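The values are calculated or read from the model by the stated rules, or taken from the named source; none is laboratory data. Just so you know, these numbers come straight off a predicted model, no measurement behind them. Backbone-built Cβ (ideal geometry, glycine too); neighbour counts: all protein chains shown. With ligands, DNA and RNA removed, areas are computed over all heavy atoms of the protein, side chains included. Shrake-Rupley method; radii C 1.70, N 1.55, O 1.52, S 1.80 Å.
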Amino acid sequence: YGVPGSGKSWTIEHEYCKKGTHVERLVFHPDYTYSQFVGCYKPVTNATGEIRYDFVPGPFMRVLVAALKSGRTDNPQPHLLLIEEINRAKVAAVFGEVFQLLDRADSGASEYDIHATEDIKKYLISELGKSPESIKIPDNMFIWATMNSADQGVYPMDTAFKRRWNFEYIGIDDNDDEVGGLVELGTTPNNKDVDWNILRKAINDTLAVTYGINEDKL
C-alpha cells in the first residue's frame, strides 16, 4: 500500500512474482460485485447461436480451480490472484463468504472452509471431476493486492478484514537512489542544471512541512 505512483504494481510484478507463477490480475472499482469476483449464471451462446445459462466463473474461482488442478500434479505451481486497487470497491460485499477463507493454517491452506453452493458444485464437477462439500484455498494459491492509502474515492476497510492480510508500505522515496537526471532551471544566462532527485525532495519537503499537503499530492 502507498500513495498513487509509488510503484506498488511494479514492485509486485518485478520483485515478487517468481518465474513460473500463474498470475491473474484484476482491478476493483466501485461497481465491482461478488458475482463478478466469484462467478454467477450468465447467458452464453453455443456454436449454433442458441442461448443457454451457464455458471461463468469469476477470477477467484478460475484461479482456485487452476491451483487445485496444479496441486494434483507431481510439481504443483504457485497461483496468484492479484487485485489492483482493492479499496476502490466495497470489499466486504465483493468477497462475501470468501472472507472466511482468508485465515491460513500452518499448512498454508485455509484454516476454515465454506459450504459449496449447488452452482459452484456443478462447476467444480465439470472442471475437477468431483466436487467437495466445502471449499478451501489451497496452499499453492495466493491473493495479493495493491491499495492506495491516501487517495480520494476509496472505501474504508474494517479491522476484521484488514487483520487477515500482511501489509507492506511503499513510500514515495523508496529506491530514490535509482532516480537520476538533471533538470534545467531558469533561462540563459541565468540557467542552472539541478539534480532532479534533490529538487523533488526540496519541493516535497516544502509542501509537506510548510503547507501540510498530504503525501498523495506530493
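Of the accessible area of the chain, computed with a 1.4 Å probe over protein heavy atoms only, carbon and sulfur atoms account for 52 percent. Go through Asn214, Leu182, His22 and say which Cα lies farthest out towards the positive end of the charge dipole of the chain; charges sit on Cβ, +1 for Lys and Arg, -1 for Asp and Glu. The Cα lying farthest towards the positive end belongs to His22. Distance from the C-alpha centroid of the range 161-197 to that of the range 30-56: 45 Å, rounded to the whole angstrom. Per residue, the average separation of C-alpha pairs within less than 8 Å and at least 6 apart gives the range 1-87 a relative contact order of 36 percent. Mean projection of the Cα convex hull over all viewing directions, computed for the range 41-98: 6.3 nm². Taking Asn46, Asn87, Asn197 in turn, the Gaussian network model of the chain (Cα-Cα springs below 10 Å) assigns the largest fluctuation to Asn46. Within the range 68-167, the GluC sites (Glu not before Pro) that combine a DSSP coil assignment with at most 10 other C-beta atoms in a 10 angstrom radius are Glu133. Contact order for the range 65-153, expressed relative to its length and based on alpha carbon pairs under 8 Å spaced 6+ residues apart, stands at 40 percent. Rounded to the nearest Hz, the phi-derived 3J(HN,Hα) couplings of the range 40-53 under the Karplus curve 6.51 cos²θ - 1.76 cosθ + 1.60 (θ = phi - 60°) are 6, 6, 9, x, 10, 10, 8, 5, 8, x, 6, 9, 9, 9, where x marks glycine and proline.
Among the trypsin sites (Lys or Arg not before Pro) found in the range 21-129, those both in a DSSP coil and sparsely packed, with 13 or fewer other Cβ atoms within 10 Å of their Cβ, are Arg72.
How charged is the neighbourhood of Val179? Take every other residue with its Cβ under 12 Å from the Cβ of Val179, and add Lys/Arg as +1 and Asp/Glu as -1. Cβ neighbours under 12 Å give a net charge of -4.
Taking all Cα pairs closer than 8 Å and separated by 6 or more residues, the relative contact order of the chain comes to 24 percent.
For the range 116-218, the fraction of C-alpha pairs more than 24 angstrom apart is 59%.
Run through every distinct alpha carbon pair of the range 54-181 and return the Kirkwood hydrodynamic radius in angstroms, one decimal place. Final number for the Kirkwood radius of the range 54-181 is 16.7 Å. Between Asn46 and Glu178, the simple spin-label model (points 7 angstrom out along Cα→Cβ) gives 5.2 nm. Per residue, the solvent-accessible area of the range 93-218 (1.4 Å probe, heavy atoms of protein chains only, all protein chains present) comes to 64 Å². Pairs with C-alpha atoms separated by more than 24 Å, drawn from the list Lys19/Lys121; Lys69/Lys136; Lys42/Lys130; Lys90/Lys162, are Lys19/Lys121.
Shown in residue order for the range 129-136 are the 3J(HN,Hα) couplings computed by the Karplus curve 6.51 cos²θ - 1.76 cosθ + 1.60 at θ = phi - 60°: x, 7, 10, x, 5, 10, 10, 9 Hz (x for Gly and Pro). Show log10 I(q)/I(0) for the range 9-49 at q = 0.16, 0.29 Å⁻¹, two decimals, from a solvent-free Debye sum over equal Cα scatterers. Computed log10 I(q)/I(0) values: -0.71, -1.02.
Mean residue ellipticity, 222 nm, helices only, the chain: the sum of -39500 (n - 2.57) across DSSP H runs of n ≥ 4, divided by residue count and rounded to 500, is -6000 deg cm²/dmol. Could you give the dipole magnitude of the range 58-174 about its Cα centre, charging the beta-carbon of Lys and Arg +1 and that of Asp and Glu -1, in debye to the nearest 20? Here the size comes out at about 380 debye.
The modelled label-to-label distance between Lys122 and His14, using points 7 Å beyond Cα along the C-beta direction, is 4.7 nm. What does the net charge come to around Ile83 if you take all other residues with beta carbon closer than 12 Å to its beta carbon, with K and R at +1 and D and E at -1? Overall, the nearby charge balance is 0.
With the convex hull of the Cα atoms taken as the outline of the chain, the averaged projected area works out to 18.2 nm². Could you state the angle between the C-alpha long axis of helix 59-71 and the longest principal axis of the C-alpha atoms of the chain, as a value from 0 to 90 degrees rounded to the nearest 10? So the helix axis and the longest Cα principal axis differ by about 70 degrees. Other residues whose C-beta falls under 11 angstrom from the C-beta of Gln100 contribute a net charge of -2, scoring Lys and Arg +1 and Asp and Glu -1.
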